[in-house]
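**Student:** Attaching a single structure in structure tokens format; questions to follow.
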Amino acid sequence: MSTSHWLSAEKVCVLGAGTMGSGIAAHLANLGFDVSLFDLTPQTVSSQFDAARSARPPHFFVPETASKVKLLSMENDFQLIAEADWVCEAIVEKMDIKKALFEKLDPIVKPGAMLTTNTSGLQIGLLAEGRSESFRKRFMGTHFFNPPRYLKLLELIPTPDTDPEAVKVMSQFLEDRVARRVVVAKDTPGFISNRYGMWNMIHTVHVAEKLQLSIEKVDAITGPFLGRPRSASFRLNDLVGLDIMRDIAQNLLDRCPNDPGREQLRLPASTQFLLDKGWIGSKSGQGYYRKEGKELLAFDLQTHAYRQLLDASLPSLRELERLPIGERVSKALKLGDEVGDFLREYLVPALQYADKLKEEISHSCLDFDRVMQWGFGWEIGPFQMMDAIGHEAIGVDPKPYFDAGKQREFGGAYISLPSEPQYRTVKDFPITSKNETFNVRDLGDGVQCVATTTKQGVVTPQLVGELLALLETDSLRRFVLTSESRNFSVGFDLTFFDKRIEDQDWEGIDTALASLQKLSVRLGEVPSVAAVSGFGLGGGFELALGCCAIVADAEAKVGFPEAKVGLIPGGAGTCRMRVSAQTGGAKALADMAGALALGTVAENADQARKLGYLSPTDHTCYLGDRLLAEAKHAALQIEAGGASAWREGLAPLSGIVDSKLDELKSKGLLTDHDGLIGDKVRQVFSKPGSFEDALAMERKVFVELCKSGLTHARIKHMLETSKPLRN
């Protein structure tokens, strides 16, 4: 059976417009697929998709993408499924209903189309029973995580009848085109994620009840201290939904009579109490936590009543939290306090359970760990954790699971870990030179990486000076600019401007801006690509814009919040936004001036492109794990750019910008000082006759704003509170 054509699939039919189906359809539409979403009737598909349009957090990067999803019904449009390159079923989790649908699909689906079922636990092999040989050879489970836009894990579950080549090509398609990290799981109850992940969630509640610990303290222990998200345990329960937990647990109890951890799957008393009340978590407004006005209340596991939050500070956590994860957890397990008691009751059995389950539900310890990392946000999986804290503390086989780039197979032999060069991170590449504010690394193929090492990628005068010096050496031929932090850059160091304003050192500010502008221009004179993830703000984003191209993580938040601290972009950012918007004429320039006056930051890369912060030729990376690889690929293709073209003769630009600012003021969106900032933007946009003249004016009006007491007050307030001041 030939499946190579799957890699170029465009048309997708998602069957079922419920929470998962609509979320999958939205994710695929974000990626540019031609998506048709089906439900039983025109009314049901429309009403359910309306919920997806208004979902929070949003399913769509920009709202207008929702209009690209075709809403169809099985009642009227069933025959159109025959046009699909991929039929992704996501209807109700009922075996008989899914099988009945597949019976109708079998004769009409396109020969060679991909066929998958989205399920969190039904047996894939049983769903394929009775279908044609062609159907069974290309049929497999695709367990998306909810919400699909935000959670990158996908468990791919073949059946014994699935063509092995189809599994291989489907994995590649899902990673290359659908922006998923794929783990091929065995067709066992709950697969890896729900079999182990759900057991963990319920087990935590049992231990908390047994030890009579507050949910606040348990969440303090099981969050970042254990290398897990801040949602920790009880907040995660609320996010998932206690009804979902109950249903998955019951499915596992029914299908796993010999599970070694079976008793822990029975619902804890507190969970049952909340379910009986209908308090099933975030979607009902309350679960283990409840919001009353601005106050967050917690559910007491002993009294079964809500109360104010208790102090969850645990001294031993503060003492150990800065240690490497293995060392801190190992030491915490030996403590005689509540932390030690909890970890001995919770973590040791949880790791032992993983060891007992591993061969039944996964193909390798690496796959098992990746599911917990990619699906649950764990820093390290259970087998990496056992290696990190020592097997003697857990009572498992003393041989490490991972050793010197190899992993231990279930039979005991060690095999090499997959190389996966497309998923290498900055720190996987060798350093060729170190500086105080950045490292230069070798990405191979003649491409270097300049990775800043300042905290959160903050831009400082020292960083600017060192980068300029590096560029003057002519040692960079082709490079990627990025950060070794999770954020590309949170902007220019505000403390620098605060100090210079206090000293009335206006010349020092102008000199620093001139260097930043020079660096921004100089970056574009060498084939360069900025790889932007996390925050790319202010002065940091100005450096990215100076590169010949930007490759941005889809979830990157980029833009110019300078107005929030009483300023305009001063490192060529205002000038570059003028050049970016000028092709759209005076109206586009007025809109851009308004965005800068508001200090608008795009919530994602697609919105940034819509605002004009990213150009049509900049690239969005929808699977963030591939950001550096895609940036390197772009760097190999890019050529150095010339000087920015400044378009003159855009009258009546000044008046249109003024009208835009007046409109924003009338809506209460701009204060008088915001209006002054907007006027400075107008001057840069409308008065200069060249890009070079605009750079000089950008610095001039920036310094003028620094002389304003209102601007200094905004800077002070941001430094002291991390919040903007509207004055």
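The values are calculated or read from the model by the stated rules, or taken from the named source; none is laboratory data. Nothing here was measured: the structure is a model prediction, and the numbers come from that model. All Cβ positions, even for glycine, are placed from backbone atoms using ideal geometry, and neighbour counts span all protein chains on display. These area figures cover heavy atoms from the full protein model, side chains too; ligands, DNA and RNA do not enter into them. Shrake-Rupley method; radii C 1.70, N 1.55, O 1.52, S 1.80 Å.
**Student:** How charged is the neighbourhood of ASP247? Take every other residue with its Cβ under 15 Å from the Cβ of ASP247, and add Lys/Arg as +1 and Asp/Glu as -1.
**Tutor:** After counting each charged neighbour, the total is +3.
**Student:** For ARG322 and SER284, FRET efficiency with R0 = 41 Å and r from the beta-carbon atoms, rounded to 0.05?
**Tutor:** Rounded to the nearest 0.05, the efficiency is 0.60.
**Student:** Please give me the summed charge of the neighbours of SER362: other residues whose Cβ is under 14 Å from its Cβ, Lys and Arg +1, Asp and Glu -1.
**Tutor:** So the environment of SER362 carries a net charge of -2.
**Student:** Run the helix sum for the chain: -39,500 (n - 2.57) per DSSP H stretch of 4+ residues, divided by residue count, reported at 222 nm to the nearest 500 deg cm²/dmol.
**Tutor:** Calculated at 222 nm, the ellipticity per residue is -13000 deg cm²/dmol.
**Student:** Could you state the principal axis extents of the C-alpha atoms in region 91-211, from the largest down, to the nearest angstrom?
**Tutor:** Sorted largest first, the three principal extents are 57, 33, 24 Å.
**Student:** Right, here's the next one. Expressed as an acute angle from 0 to 90° and rounded to the nearest 10, what is the orientation of the C-alpha long axis of helix 199-211 relative to the principal long axis of the chain?
**Tutor:** Taking Cα atoms only, the helix is inclined about 90 degrees.
**Student:** Averaging sequence separations of C-alpha pairs under 8 Å and six or more residues apart, then dividing by the length of region 30-70, give the relative contact order as a whole percent.
**Tutor:** 53 percent
**Student:** Sticking with this structure for a sec: Among the lysines, which have Cα under 20 Å from the Cα of LYS399 when same-chain residues fewer than 8 positions away are ignored?
**Tutor:** LYS356, LYS358
**Student:** Taking a probe of 1.4 angstrom, what is the accessible area of GLU10 in Å², to the nearest 10?
**Tutor:** My reading of the accessible area for GLU10 is about 90 Å².
**Student:** Further question on the same structure: Any idea how far the Cα center of region 402-434 sits from the one of region 209-274, in Å?
**Tutor:** Measuring centre to centre over Cα atoms gives 33 Å.
**Student:** Taking K and R as +1 and D and E as -1, what net charge do the other residues with C-beta under 14 Å from the C-beta of GLY668 add up to?
**Tutor:** Cβ neighbours under 14 Å give a net charge of -1.
**Student:** For region 27-175, report the % of Cα-Cα distances exceeding 23 Å.
**Tutor:** 37 percent
**Student:** Taking a quarter of the surface of the Cα convex hull of region 480-622, what do you get in nm²?
**Tutor:** With the hull built on Cα positions only, its mean projection is 8.4 nm².
**Student:** Assuming R0 = 41 Å, can you tell me the calculated FRET efficiency for the pair SER475 and LEU669, based on Cβ-Cβ distance, to the nearest 0.05?
**Tutor:** It comes out at approximately 0.30.
**Student:** Continuing with this model, one more query. With every atom except the alpha carbons ignored, what do you get for Rg and Dmax of region 577-727, in angstroms?
**Tutor:** 17.6, 49
**Student:** Sort HIS717, HIS619 from largest to smallest accessible area, using a 1.4 Å probe on the heavy atoms of the protein chains.
**Tutor:** My answer, sorted largest first, is HIS619, HIS717.
**Student:** I'd like the distance separating the alpha-carbon centroids of region 337-368 and region 536-575, in whole Å.
**Tutor:** Result: 44 Å between the Cα centres.
**Student:** How far is helix 709-721 tilted, in degrees, relative to the longest principal axis of the Cα atoms in the chain, given as a value from 0 to 90 rounded to the nearest 10?
**Tutor:** 20 degrees
**Student:** What are the extents of the Cα atoms of region 1-81 along their three principal axes, listed from largest to smallest and rounded to whole Å?
**Tutor:** 40, 30, 18
**Student:** Which whole-number percent is the relative contact order of region 11-141 (Cα, under 8 Å, 6+ apart)?
**Tutor:** Averaging sequence separation for qualifying contacts and normalising by length gives 25 percent for region 11-141.
**Student:** With a 1.4 Å probe and every protein chain left in place, tell me how much accessible area LYS152 has, in Å² to the nearest 10.
**Tutor:** The accessible area of LYS152 comes to roughly 60 Å².
**Student:** Still on this model: Quick check on packing: order 296-308, 23-35, 508-520 by the mean number of other C-beta atoms within 10 Å, highest mean leading.
**Tutor:** Ranking the peptides 296-308, 23-35, 508-520 by packing returns 23-35, 508-520, 296-308.
**Student:** So for the chain, averaging the separation of alpha carbon pairs under 8 Å that are six or more residues apart and normalising by length, what relative contact order in percent results?
**Tutor:** The value is 8 percent.
**Student:** Could you list log10 I(q)/I(0) for region 299-340 at q = 0.27 Å⁻¹, which the Debye formula gives when each Cα is one point scatterer?
**Tutor:** Taken in order of the listed q values, log10 I(q)/I(0) reads -0.87.
**Student:** Ratio of alpha-carbon Rg to the 2.2 N^0.38 Å globular estimate for region 554-640, to two decimals, please.
**Tutor:** 1.17
**Student:** Same structure, new question: Antiparallel versus total DSSP beta bridges in the chain: what percent is that, nearest 5?
**Tutor:** 40 percent
**Student:** Sorted by accessible area with a 1.4 angstrom probe, largest first, how do LYS70, LYS680, LYS99, LYS334 fall?
**Tutor:** In descending accessible area the options line up as LYS334, LYS70, LYS99, LYS680.
**Student:** Not counting ligands, DNA or RNA, and with a 1.4 Å probe, what is THR574's accessible surface area in Å² rounded to the nearest 10?
**Tutor:** Surface accessible to solvent at THR574 totals approximately 0 Å².
**Student:** Taking each pair of different alpha-carbon atoms in the chain once, compute 1/r for the pair, average those values, and report the inverse of that mean as the Kirkwood hydrodynamic radius in Å to one decimal.
**Tutor:** When all Cα pairs of the chain are included, the Kirkwood radius is 28.2 Å.
**Student:** Helix 691-706 against the longest principal axis of the chain: what's the angle in degrees, Cα atoms only, rounded to the nearest 10?
**Tutor:** For helix 691-706, the angle is close to 80 degrees.
**Student:** Still on this structure, please answer the following. Hey, got the Cα dimensions of region 291-424 along the principal axes, in Å, largest first?
**Tutor:** Its Cα atoms span 53, 34, 30 Å along the three principal axes.
**Student:** Sorted by mean Cβ packing within 10 Å, highest first, what order do the peptides 528-537, 607-616, 197-206 take?
**Tutor:** Averaged packing, sorted descending, gives the order 528-537, 197-206, 607-616.
**Student:** A further question follows. For ILE280, ILE215, ILE244, what's the largest-to-smallest order of accessible area, 1.4 Å probe?
**Tutor:** Sorted descending by solvent-accessible area, the residues read ILE244, ILE280, ILE215.
**Student:** Determine the distance separating the Cα centre of region 278-301 from the Cα centre of region 124-172; give it in Å without decimals.
**Tutor:** Answer, in whole Å: 37.
**Student:** I've got another one for you. Can you list the aspartates and glutamates whose alpha carbon is less than 12 Å from that of LYS660, not counting same-chain residues fewer than 8 positions off?
**Tutor:** By straight Cα distance, LYS660 reaches ASP591, ASP679.
**Student:** What accessible area per residue comes out for the chain, rounded to a whole number of Å², with a 1.4 Å probe?
**Tutor:** With the other protein chains kept in place, the chain gives 41 Å² per residue.
**Student:** For GLY287, what residues show an amide H to amide H distance below 5 Å, using hydrogens built from the backbone and excluding near sequence neighbours?
**Tutor:** Residues meeting the amide H criterion: GLY281.
**Student:** Percent of accessible area on the chain owned by carbon and sulfur, 1.4 Å probe?
**Tutor:** Carbon and sulfur together cover 51 percent of it.
**Student:** Eight or more residues apart or on different chains, and alpha-carbon atoms under 19 Å: count the Lys pairs in region 185-304 matching that.
**Tutor:** Close lysine pairs under the 19 Å cut-off: 4.
**Student:** I need the shape label for region 609-689. Rule: rounded when a/c is under 1.5, else prolate if a/b > b/c, else oblate, with a, b, c from the alpha carbon gyration tensor.
**Tutor:** oblate
**Student:** If you place +1 on the Cβ of every Lys and Arg and -1 on the Cβ of every Asp and Glu, how big does the dipole about the Cα centre of region 188-237 come out, in debye to the nearest 20?
**Tutor:** 100 debye
**Student:** While we're looking at this one, here's another question. With a 10 Å radius around each residue's Cβ, average the other Cβ atoms per peptide and rank 451-459, 76-84, highest first.
**Tutor:** The most tightly packed comes first, giving 451-459, 76-84.
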